[in-house]
Amino acid sequence: MKRKGALWAIAVTLAVILLLYLMQSTGWQQSDMVGAGKPLRELAWPVQKAVSVIGDGLGGFFGYFKDNRLLRQENQALKESLAAAEYWIQQMQELQEENRRLGALLDYKTTHSRTFALVTAQVIGRDTDNWNQTVILDKGSASGLACEMAVIAPAGMVGRIVAVTPHTAEVLLLIDRESAIGARVSETRFSPGMVSGTGQDDLLEMLRLDHEAEILPGQKVITSGYGSIFPKGLMVGVVEEVVPDSNGLTKRATVRPAVDFRRLEEVMIIRSINADEEPVLPEGQEFSMQPEGSQK
Amino acid sequence: MYNLVLAAITFAGLILRSIFPRALGLAWATPDFPLLLVVFNAMFRGPVYGAVTGFFIGLTEDLFFGRFIGLNALAKCVVGFLAGSLAKSIFKENIWVPIINVFAGSVLSLILVFIIGHLAGARWYLANVFYQGLFEVLFNVCLVPFLYGPFFHFADSRLHFQEES
């Protein structure tokens, strides 16, 4: 019995020593797995892969709920951030646009400071009914404005003041049917008479023109200076179409206004005329049908 | 048949052990499924069978991971022997018996692996082993209530059948 026990002890000790040797020889000093490990791992590989795929699927399924909550929070934060960024971009664009318009006004004012005494004003309201085409300015009699003063923009004629309060002024726009202005064709110096509004934002008309009148589409129409309100030489618009009247004796012309009345934001009021000098468009500036100020 | 099922469970346990860290993503600690099997088996079959089964299960584990062959074989052999010795005269139906056995076996296994590994030239940091070992022991103990029942019924029926035949 003792012998058997001793044999067991020896066997176990030898086994332990053998195992320790085996462990040492298969430690990290070895650059690869031991031979027997490779087939075993290869055998397990498909199962490992399958279980891993299933595990990933389950993880993805449960992760969806967690991710969904996080994504919604992130989405909300991004929306807020985007809204703030959009607001600032809009503000920047507004300022840029305002800067451009004011720059055009300043240029015009500087160019014509010897000819006119100008007051700059901002459009703060517009008549919303269909009967009148008027706008309200943020300056009035306190700034030296009075009725019948001419209102202009860098692109051309806007209208005339028809009512003032200390801090506001109402301007009857050129496009109003009640508005009429003495005009002439810039190229031919032909003075056919009056240009009046049609009630539409983008159309003026010249009525009862002589059948033989020298007027053609594309010609510039400027103020004639007849009457005491508007100085001569201010841009009114461009002749768009000339049509004979049904009586065969006269014809009419439609004029596209130089000013874009839908985008009117800043204007200048001619408070007084310093010299009898015909204002002209700034050098190199061509008339275009773009919104006012954008032709700069 | 019993040993064949044990081999299959061991293999499944090893696969589970290899994919567990990625699935759980916790501390790189995994439940030691083979150890649970060694302890459960030893409780039913006694110290000698426990030691032999532990040795072979450990050896399979070593071969599976391909490093330090014999390390787990030796450690699980000792655990199997002790678990079999302790549980020989204890009432196995009580759930606290396998829980305590697994807890003691897990701690012992860690200590043995650490010491024998160092003897074999492994350079493990005690802090890492302690940190991961803590989770491993916790996992093992937590799994006992879920795995011991099925194993009990399987082992009881199979061993009873073997004894009868």
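The values are calculated or read from the model by the stated rules, or taken from the named source; none is laboratory data. Computed from a prediction, not measured in an experiment: that's the story for all the values here. Because the Cβ atoms are built from the backbone with ideal geometry, glycine has one as well, and the counts that use them run over all protein chains shown. Note: accessible area is taken over every heavy atom of the protein model, side chains too, but ligands, DNA and RNA are not part of it. Shrake-Rupley method; radii C 1.70, N 1.55, O 1.52, S 1.80 Å.
Quick notes
- Virtual spin-label span in nm between A:A142 and A:L82, 7 Å along Cα→Cβ: 4.5
- Lys/Arg +1, Asp/Glu -1 at C-beta; segment B:2-164 dipole; positive extreme among B:C77, B:L6, B:F135: B:F135
- Largest to smallest principal axis extent of the C-alpha atoms in chain B, angstrom: 49, 28, 27
- Nearest-10 value in Å² for the accessible area of A:R271, using the 1.4 Å probe: 120
- Sorting B:L112, A:L18 by solvent-accessible area of protein heavy atoms yields A:L18, B:L112, largest first, with a 1.4 Å probe.
- Cβ-placed point charges (K, R +1; D, E -1), dipole of segment A:117-273 about Cα centre in debye, nearest 20: 400
- Solvent-accessible area buried by pairing B with A, both sides, nearest 100 square angstrom, 1.4 angstrom probe: 2200
- Listed residue pairs exceeding 25 Å between alpha carbons, taken from A:K139/A:K220; A:K2/B:K76; A:K109/A:K139: A:K139/A:K220; A:K2/B:K76
- Segment A:175-274: equivalent-ellipsoid semi-axes (sqrt of 5 x gyration tensor eigenvalues, Cα, Å): 23, 16, 12
- In the full protein context, chain B carries 49 Å² of accessible surface per residue, based on a 1.4 Å probe and ignoring ligands, DNA and RNA.
- Using a Förster distance of 45 Å, the FRET efficiency for A:Q90-A:E178 (Cβ separation, nearest 0.05): 0.75
- The distance between label points at A:R3 and A:L249 comes to 15.6 nm (points 7 Å beyond Cα on the Cα→Cβ vector).
- Cβ-derived FRET efficiency at R0 51 Å, A:V53 paired with A:T13, nearest 0.05: 0.65
- Sum of -39500 (n - 2.57) over DSSP H runs of 4+, divided by residues of chain B (222 nm, nearest 500): -29500 deg cm²/dmol
- FRET efficiency, A:L102 to A:F65 (Cβ-Cβ, R0 60 Å, nearest 0.05): 0.60
- Among A:I273, B:I57, the order of accessible area from largest down is A:I273, B:I57, computed with a 1.4 Å probe on protein heavy atoms.
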